[in-house]
Amino acid sequence: MTVQVTPTICPFCGVGCGIDLRTENNKLISVEPQLDHPVSRGQLCTKGWNSAYGIDPINRITHPLIRTAQGFRQASWDEALETIADGLKQILVESGPQATGIISSARATNEDNYAAQKLARAVLKTNNVDHCARICHSPTVAGLSQTLGSGAMTNSAADLLETDLILVFGADPTENHSILGGHIMRAHLEGTKLIVADPRCTRLAKLADSHLQLKLGSNIALLNAMVKTILDNGWQDKKFLDQRCEGLEQLTASVANALEGVEETTGISLPEIESAAKAYSQSKRAMILYGMGITQYVSGTNNVIALSNLALICGQIGREGTGVNPLRGQNNVQGACDMGCLPNVYPGYQKVDNPEARAKFSQYWKTEVPEHPGLTSMGMTKATLAGEFRGLILFGEDPVVTDPDQNLVKRAFSKLDLLVVAELTMTDTARMADVVLPAASFAEKSGTFTNCERRVQHVQQALPPVGEARTDWQWLAAIAQQLGSDQLDWHDSEAVFREITQITPNYSAMNYTKIDQLQGLQWPCNHETPEGTAILHKDTFPIGKARLIPVHPIDIDELADNEYPLLLTTNRLHFHYGCGSMTRKSPLLERETPAGLLFINPADANDLGVTHRSAVGIRSRRGYVETRAMLTDDLPPGLVCMPYHFREAPSNQLTNTAQDPLTKMPELKACAVSVQPLEPGMSPRPIDEISALKVEGVK
Amino acid sequence: MKTQSYYLDHPNTLRNHLAKSYQIEPPEADSAKSTPPLISPKGQLFAEHENLFTFDGECFRETLPKPAPFVLFGVQSCDLTAIHYQDQFFANDPYYQARRQQALLIGIDCLSPCQQGFCPSVDAGPGVKNETADMILHQLSATSWLLLVCNKKGLNALEGLLLNPANESEFTDRDNRIASCVEQFNDDSYLQQGITAINQNQVPEELWQQLGIQCLSCSGCTNLCPTCSCYGTWERQDSNGDIRRQRFWDSCLYESFQREASQHNPTEEAGERVKRFWTHKFGDNFAQEFGRYGCVGCGRCEQTCPGVVGVHSVMKRIASDAKLDT
């Protein structure tokens, strides 16, 4: 009955907290925080504390499954792999490599993600590889790579306790990145100035020195007004601007009228703007953190650029306690990007359209890599509907539920000739597959995750895989073998990592031993920085000088009107992660809130005759859901808010599909809705029930 | 039984002897230290998840744990005090008692303060009290230890291990060493002021509300607190259709902890929940019922709280705000 303790990394958000798994007789009995972890320092959030429930063997897929006319039947790995290989071979012969592709997972390890893109590029010979980063921080990558040359968090979690001012812009870290949110609370209690810019009165806004409660979607107007105020008062960092930036003239000209009407546009008074601008620019060290409240707008990329402009003119970057810091949602979304699970880049962001990079990978993998540009996940969906894409391998994602275009994805997936899905549990996407493979959970495998501060950390196996489940890189390798390739023949996860370091410059001086010794390594970690890099852009930017790029306010796509008089935004709860597939298995977390809620100001509720916890219907131009109303002053009148964790009441039914033109990021943060109370005593109906009624009605 | 004392070259000598008849927790040798681990031994006696009974459609079946005899080796006085406290709370709990009866407790005197600890202020250390352990380890030098045997259970467990009896004078020297350790603890007058303020209801409501905003309901404090004992229950169905009722550690910081079926909740406000937690740890009413405060001074809540609502942070703020009040 000896209890074993295995140190590993929490599987939820991008903070990457240290978590110990206590097992007994190959069962997980509890989880514990790690006292000496460099980020989490003996702490976990409620999701972390409840993670044992999330991987409970109940509901897990334990064997490969093959679709038949009568539904799924259990199959051996040999048969499943043969079916997959035969299907792929036929598609490759008939339609070529462009008709195949892989969607990998920001929840899986770097090793899994590296294997996925290598299978695509070196075996299937296609650049069709992507993952879900597209709907969280694609505007960050698009924006910051233009202005700074790199889309990652510039500084480290530890900097939160070594700064003079923290500006939290469009982010709710105490709920979504709770341990970092905690660091911010601690820093603030110890004297660090805290400014929160958010349309909602978040937990941090309640504690902050100043809450800039801007109107929904008025980010650029506010940021440009701050830039203008700083330039007018001479508060900018002239030396930094001279030596390290270009484009000041254009920027200065572009904000000439930024103060006109800004109070009306943003709802923030000029003295408040001036005070925030002064505090940020005049602090010795000031740090910007931001999240989905910046990126999930039609103006997402420009919002990111506006933030970057503010930091650059004040020289608040490249030093401890400064920087522009996107908070990343998933445990390994940074790693999945680093590993090149994107159609346009190889591992380490080496560009596919660069002939030198292509030659490098062809030589290293000893096979010609494809030249043609790859498709994004959305591109694969569209190509499928156009009859040009036929075979998809997908793991650790449930796009049928989580993609903004649910119906489109569903139609495309049912048209595929071969859909292979590897998963922990039977998701809606897995139900559509031709072959389902049982995947090992984070506690059942070894490898590395890269957290949002670019720290590569060691994930260690504590439990044997459930049933016949395999680690993702293992079954990806088995598919390669079945296709006659030895490209993915690794002995263990450490061998995969060794290959990663040989071909990924930012990872080149890393190895498992050093990662263990130094409690993770932050990239870039190469021969010049063998112990990693805590702060980016210290002396220079990857693009030489940073670029100041003029951006102008863009209205949200859908404004409130008579028919839809309220604006809806989305948020996340401290208690749940993503679609809730893991957190809702906890009896404690599931008890904490109703299965779906709408936050609404008491004044709006009173006008509508809605009472606390009563059932309401919410309608937008795109859909209708029912849920429970929670009356709260955290929202100003006119603005309501829904979390997206609950499949009973998915906010995706309501949200706008208008997109950021550059990155295709949908405007998930703003749309117009109407709210109606349901009959007293009625319970909200789950979306499945509402949809079924709709179909009947049509009949 | 009068306490007996022996010399011991190293705790591992005792560990190796006990390993012949007991499972030892923690399993690693050289675990006898003057710093309590982040995780208290609470879960060894009050399991984080456990079956209470099963139902197969016809019969209810008891699922009492049947652990082999085990030793909790090198437990610090704070955690032993907590076990002593839990022994009262779970006196009639058959699941707890099934484990407790099989447990042999080997305490260890702390001779230097740990980072977050304040056991002397709440009468829970740093020296182990006889009634809380079966044996006590006390370090004399790098190569010499004192072993105190507190009761018959401890004496029986020693059978077969030949040790030299210790001099009577060692008792006084031990007391002196513990007293000198007490002196090394930081000034914690704010704790005493905080306790007074809590019991005299002098803590401003606004402060509780402020602390409530900081509390993320993560459950870390209640999970790590060695005296927290609240649990919830749920039913789970196995693949063969059997129903298992399980209990799991709950936390009074969750909003839903006290929510009633009607949705009425006496502690809907987070500040009320934070207030209740600290009143339970330092309330005089609880002290009367259990013979001591619910807090044993381990300081783990300070370490694990992401919201800076651990014991030191809270009591410092209470002491300063309550003072302002008077």
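Derivation of every value follows stated rules applied to the coordinates shown; laboratory data play no part. Here the structure is a predicted model, which is why all the values come from computation and not from measurement. No Cβ is skipped: glycine too gets one built from the backbone with ideal geometry, and neighbour counts run over all protein chains shown.
Counting only residues 5 or more places away or on other chains, whose amide H sits under 5 Å from the amide H of B:LEU104 once H atoms are built in the peptide plane?
So B:LEU104 has HN proximity to B:PHE70, B:VAL71, B:LEU72.
Which Cα, out of A:SER651, A:ILE479, A:VAL400, lies furthest along the positive dipole direction of chain A (beta carbon charges, K/R +1, D/E -1)?
A:ILE479
Run the dipole for region A:138-327 about the Cα centre, Lys and Arg Cβ at +1, Asp and Glu Cβ at -1, nothing else charged, and hand back the magnitude in debye, nearest 20.
Numbers: 14 positive and 19 negative charges, 54 e Å.
The dipole magnitude comes to about 260 debye.
Over all directions, the average projected area of the alpha-carbon convex hull for region A:115-225 comes to how many nm²?
One quarter of the hull surface, i.e. the mean projection, equals 9.3 nm².
For region A:138-327, what ratio Rg/Rh do Cα atoms give with a Kirkwood hydrodynamic radius?
Values: Rg = 14.9 Å, Rh = 16.2 Å.
Over the Cα atoms of region A:138-327, Rg/Rh equals 0.92.
Assigning unit charges at the beta carbon (Lys, Arg +1; Asp, Glu -1) and nothing else, what dipole magnitude in debye, to the nearest 20, does region A:566-698 show about its Cα centre?
Working: 14 positive and 14 negative charges, 72 e Å.
In total the dipole reaches around 340 debye.
How high is the relative contact order of region B:4-183, given as a whole-number percent (alpha carbon pairs under 8 Å, six or more residues apart)?
29 percent
In square nanometres, what is one fourth of the surface area of the convex hull spanned by the alpha carbons of chain B?
Reported value for the Cα convex hull: 19.7 nm².
Among A:HIS211, A:SER156, A:ALA225, which residue has its Cα positioned farthest towards the positive end of the charge dipole of region A:138-327, with +1 placed on the Cβ of Lys and Arg, -1 on the Cβ of Asp and Glu, and the dipole taken about the Cα centre?
A:SER156
Could you tell me what % of all Cα pairs in region A:496-565 have separations over 16 Å?
In whole percent, the long-distance tail amounts to 65.
Evaluate the protein assembly as shown: find the radius of gyration of its Cα atoms, find its Kirkwood radius, and give the ratio Rg to Rh.
0.98
Quick one: grab the alpha carbon gyration tensor of region A:192-288, order the square roots of its eigenvalues as a ≥ b ≥ c, and give me rounded if a/c is under 1.5, else prolate or oblate depending on whether a/b is larger than b/c.
Because a/c hits 1.5 or more and a/b fails to exceed b/c, region A:192-288 counts as oblate.
If r is the Cβ-Cβ distance from B:CYS59 to A:VAL3 and R0 is 45 Å, what FRET efficiency results, to the nearest 0.05? Mind dumping the intermediate values first?
Working: r = 32 Å, r/R0 = 0.70.
The pair B:CYS59/A:VAL3 has a calculated efficiency of 0.90.
For region A:415-460 and region A:556-606, what is the separation of their C-alpha centers, rounded to whole Å?
Cα centres, region A:415-460 to region A:556-606: 27 Å.
Per DSSP H run of n ≥ 4, the term is -39500 (n - 2.57); total these for the protein assembly as shown, divide by its residue number, and report the mean residue ellipticity at 222 nm rounded to 500 deg cm²/dmol.
So the calculated ellipticity at 222 nm is -9500 deg cm²/dmol.
So for chain A, averaging the separation of alpha carbon pairs under 8 Å that are six or more residues apart and normalising by length, what relative contact order in percent results?
Reported as a whole number, the value is 19 percent.
Report the FRET efficiency, 1/(1 + (r/R0)^6), for A:TRP365 and A:ASP539, where r is their Cβ-Cβ distance and R0 is 35 Å, rounded to 0.05.
Step by step, r from the Cβ atoms, then E = 0.55.
Calculate the translational D of region A:566-698 in whole µm² s⁻¹ from Stokes-Einstein, where the hydrodynamic radius comes from the Kirkwood formula applied to all Cα pairs, the temperature is 10 °C and the viscosity 1.306 mPa s. Please report the intermediate quantities before stating the final value.
Values: Rh = 15.3 Å.
My calculation gives 104 µm²/s for D.
About its Cα centre, what dipole magnitude does chain B give when the only charges are +1 on Lys and Arg Cβ and -1 on Asp and Glu Cβ, stated in debye to the nearest 20?
With Lys and Arg at +1 and Asp and Glu at -1, about 460 debye.
What does the extension gain come out to for B:GLU48 and B:THR233, with contour length at 0.36 nm per residue minus their alpha carbon separation?
Between B:GLU48 and B:THR233, full extension yields an extra 65.5 nm.
In straight Cα distance, which lysines are under 29 Å from A:LYS669, not counting same-chain residues fewer than 8 positions off?
Output for A:LYS669: A:LYS47, A:LYS193, A:LYS206, A:LYS215, A:LYS228, A:LYS278, A:LYS382, A:LYS410, A:LYS585, A:LYS694.
Can you pull out the GluC sites (Glu not before Pro) in region A:513-567 whose DSSP state is coil and whose Cβ has at most 13 other Cβ atoms within 10 Å?
A:GLU528, A:GLU531, A:GLU563
Considering only C-alpha atoms, what is the centroid distance from region A:341-361 to region A:198-252, in Å?
35 Å
Based on the Cα gyration tensor of region B:4-183, what are the three equivalent ellipsoid semi-axes, each the root of five times an eigenvalue, rounded to whole Å and given largest first?
Taking √(5λ) for each Cα gyration eigenvalue gives 32, 19, 13 Å.
If you keep only loop residues by DSSP, which trypsin sites (Lys or Arg not before Pro) in region A:233-307 have at most 16 other Cβ atoms within 10 Å of their Cβ?
On the way: sites: A:LYS238, A:LYS239, A:ARG244, A:LYS278, A:LYS284, A:ARG285; in loops: A:LYS284, A:ARG285.
Qualifying residues, ordered by number: A:LYS284.
Relative contact order of region B:189-325: what whole-number percent is it, with Cα pairs under 8 angstrom and at least 6 residues apart?
With pairs under 8 Å counted, the relative contact order is 36 percent.
For region A:136-163 and region B:182-220, write down the distance between their C-alpha centroids in whole Å.
Taking the Cα centre of each part, region A:136-163 and region B:182-220 sit 38 Å apart.
Once the dipole of the protein assembly as shown is set up with Lys and Arg at +1 and Asp and Glu at -1 on Cβ about the Cα centre, which of B:ALA124, B:ILE136, A:ILE268 lies farthest towards its positive end?
It is B:ILE136.
What is the packing order of peptides A:453-465, A:627-639, taking the mean over residues of other C-beta atoms within 10 Å and listing the highest first?
A:453-465, A:627-639
Please compute, for peptide B:217-229, the average count of beta-carbon atoms on other protein chains lying within 10 Å of each residue's beta-carbon.
4
Taking 7 Å along the Cα-to-C-beta vector as the label spot, tell me the B:SER320-B:THR35 distance in nanometres, rounded to one decimal.
Label-label distance for B:SER320 and B:THR35, simple model: 2.7 nm.
Using the membrane-span-like helix rule (whole DSSP H runs, Cα extent along the own axis of at least 18 Å, mean Kyte-Doolittle hydropathy at least -1.0), which helices of chain A qualify?
Passing helices, by number: A:77-95, A:219-233, A:300-313.
Counting other Cβ atoms within 10 Å, which trypsin sites (Lys or Arg not before Pro) in region A:341-382 have at most 14 and lie in a DSSP loop?
A:LYS366
For region B:189-325, just run the numbers: alpha carbon Rg, then divide by 2.2 N^0.38 Å, N being how many residues it has.
1.17
Within 10 Å of each Cβ in A:27-33, how many Cβ atoms from other chains are there, averaged over the peptide?
Counting Cβ atoms of other protein chains within 10 Å of each residue's Cβ and averaging gives 5.
At most 11 other C-beta atoms within 10 Å and a DSSP loop state: those are the exposed trypsin sites (Lys or Arg not before Pro) I care about. Give me the longest piece of chain B that has none.
That would be B:21-326.
So which lysines can B:LYS2 reach, going by Cα to Cα under 29 Å and dropping same-chain residues fewer than 8 places off?
Of all the lysines, those that pass the test against B:LYS2 - Cα under 29 Å, at least 8 places apart if same chain - are B:LYS20, B:LYS33, B:LYS42, B:LYS129, B:LYS152, B:LYS153.
How would region B:1-76 be classified by its alpha-carbon gyration tensor: rounded, prolate or oblate, with rounded meaning a/c under 1.5 and the a/b versus b/c comparison settling the rest?
Working: a/c = 2.93, a/b = 2.23, b/c = 1.31.
It is prolate, given that a/c is not under 1.5 and a/b is the larger ratio.
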